[in-house]
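K.L.:
Got a structure for you, written out below as structure tokens; questions coming shortly.
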Amino acid sequence: MADKIKANTFDFNDFIDQLDQVNKMGPLEDILKMIPGLNKMAGLNDLKVDPKDTARMKAIVLSMTPQERENPDILSQARRKRIAAGSARPLAEVNRLIKQFNESKKMMNQMSNGNMKGLEGMMNQMGMGGRGNKLAQIGMQQYARRQKQNKLKKLKKKR
């Protein structure tokens with residue numbers, strides 16, 4: 001999976017696999033609380049992810065053809081309308097999922113290159129960052145700064 005992320009070949013099939021793995025681990029809120037640094041962030045207790053949302057996302061992806069899942073760039077507006085009809089979800093929800101997928105793909109690529117701004121983007125996507133939650137934003141900046149310092153220390157030790 002890490003190789004696919006680095007090569008930027010992460011597709012909707014991988015997305016479904018990851019969604020299934022996360023669902024097997026338990027509620028997403030509990031998983032996020034286990035990540036060092038995130039468990040202290042303000043706003044994490046308010047985060048609630050409805051299991052029905054993941055089922056809806058899965059329905060949208062499974063309404064795509066195998067070709068569309070492997071190459072999301074070919075998803076034209078006509079294809080999106082067909083996917084919306086096939087998954088019994090509104091077109092806006094299909095568009096939102098595709099946009100979030102593309103943003104997540106970009107963020108994972110940034111993180112694989114050592115750029116912690118990708119993690120900030122993920123937190124904003126989840127509603128934990130942004131203008132409304134200044135504490136979460138400050139916490140995320142501190143976390144990114146610590147990660148960068150730790151990375152620099154490791155590099156100095158190797159020399």
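Every number here is computed from the coordinates shown, using simple stated rules; none is lab data. Model, not experiment: these values are computed from the prediction. Virtual Cβ from ideal backbone geometry, glycine too; neighbours counted across all protein chains shown.
K.L.:
Each residue of the stretch 11-16 in turn: what ³J(HN,Hα) in whole Hz from Karplus with 6.51, -1.76, 1.60 and θ = phi - 60°, glycine and Pro shown as x?
P.N.:
My calculation for the stretch 11-16 gives 10, 5, 5, 5, 4, 5 Hz in order.
K.L.:
In what sequence, highest mean first, do 85-98, 23-36 appear when ranked by Cβ atoms within 10 angstrom?
P.N.:
On the way: 85-98: 15.4, 23-36: 12.1.
Ranking, from highest mean packing down: 85-98, 23-36.
K.L.:
Convert each backbone phi in the stretch 150-155 into a coupling constant with the Karplus relation 6.51 cos²θ - 1.76 cosθ + 1.60 (shift: θ = phi - 60°), then list the ³J(HN,Hα) values in order as whole Hz, x for Gly and Pro.
P.N.:
With the stated coefficients, the stretch 150-155 comes to 4, 5, 5, 4, 4, 5 Hz.
K.L.:
Could I ask something else about it? Enumerate the amide H contacts of residue 75 below 5 Å, restricted to partners 5 or more residues apart or on another chain; note that Pro and chain-start residues carry no placed amide H.
P.N.:
Placed amide hydrogens put nothing under 5 Å from residue 75.
K.L.:
Follow-up. Across the stretch 82-96, in residue order, what do the Karplus-derived ³J(HN,Hα) couplings come to in whole Hz, using 6.51 cos²θ - 1.76 cosθ + 1.60 with θ = phi - 60° and x for Gly and Pro?
P.N.:
5, 5, 4, 5, x, 9, 6, 10, x, 4, 4, 5, 5, 4, 4
K.L.:
Something else: Which length gain, in nm to one decimal place, applies between residue 74 and residue 29 when the Cα-Cα distance is subtracted from 0.36 nm times their residue separation?
P.N.:
Numbers: separation 45, 0.36 × 45 = 16.20 nm, distance 3.31 nm.
Residue separation times 0.36 nm, minus the Cα-Cα distance, leaves 12.9 nm.
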